Amino acid sequence: MEIRIHFKTRVDSDFEGYIREKMQRLEKLTFGTSKADFYVRNEGSTYVAELVIHTGHQTVFLKESDNDLNRCVEVLLDKARTKLSRLHDKVIEQSHR
């Protein structure tokens, strides 16, 4: 999976590595060549994280906001795992009909 991370706020390189590691775990739920764009920005005291995943012929968009950057990213990645898992199950089920 090709992962591009875009920050409009200051974070350290360890945090970026953490996000990449978590995103790589989602790769088993994608189809074929996949691309992911991960955006993090702050709006006042709130952090906003957005994730766009292009997999197969599907595009998944997720957005999360929170006052805590770590919680914001964790919730977003949990949502992504759930959404991709459901999409994966749906596509596999349809292919077996």
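Since every read-out is calculated from the coordinates, none of them should be taken as a lab result. Owing to the predicted nature of the structure, the values given are computational and were not obtained by experimental measurement. All Cβ positions, even for glycine, are placed from backbone atoms using ideal geometry, and neighbour counts span all protein chains on display.
For the stretch 71-86 versus the stretch 34-49, the inter-centroid distance based on Cα atoms is 14 Å.
Put in order of Cβ neighbour count within 10 Å, fewest first, the listed residues TYR39, TYR47 become TYR39, TYR47.
Per residue of the chain, what 222 nm ellipticity follows from adding -39500 (n - 2.57) for every DSSP H run with n ≥ 4, rounded to the nearest 500? The partial results should precede the final answer.
Working: 2 runs with 40 residues, N = 97.
Calculated at 222 nm, the ellipticity per residue is -14000 deg cm²/dmol.
Using bins of 10 Å that start at zero, the share of Cα-Cα pairs per bin across the chain amounts to 15, 49, 26, 8, 2, in whole %. The phi-based Karplus calculation (6.51 cos²θ - 1.76 cosθ + 1.60; θ = phi - 60°) puts the 3J(HN,Hα) values of the stretch 58-74 at 10, 10, 10, 10, 9, 9, 9, 9, 6, 6, 9, 4, 4, 5, 4, 5, 4 Hz, whole numbers, x for Gly and Pro.
In order along the stretch 14-24, phi translates into HN-Hα couplings of 5, 5, 5, x, 4, 5, 4, 4, 5, 5, 4 Hz, rounded to whole numbers, per the Karplus curve 6.51 cos²θ - 1.76 cosθ + 1.60 with θ = phi - 60° and x for Gly and Pro.
Going from the residue with the fewest nearby Cβ atoms within 10 Å to the one with the most, LYS83, LYS90 rank LYS90, LYS83.
Rounded to the nearest 20 debye, what is the charge dipole size of the stretch 7-56 about its Cα centre when +1 sits on each Lys and Arg Cβ and -1 on each Asp and Glu Cβ? Before the final figure, lay out the partial values.
Values: 8 positive and 8 negative charges, 23 e Å.
In debye, rounded to 20, the stretch 7-56 gives about 120.
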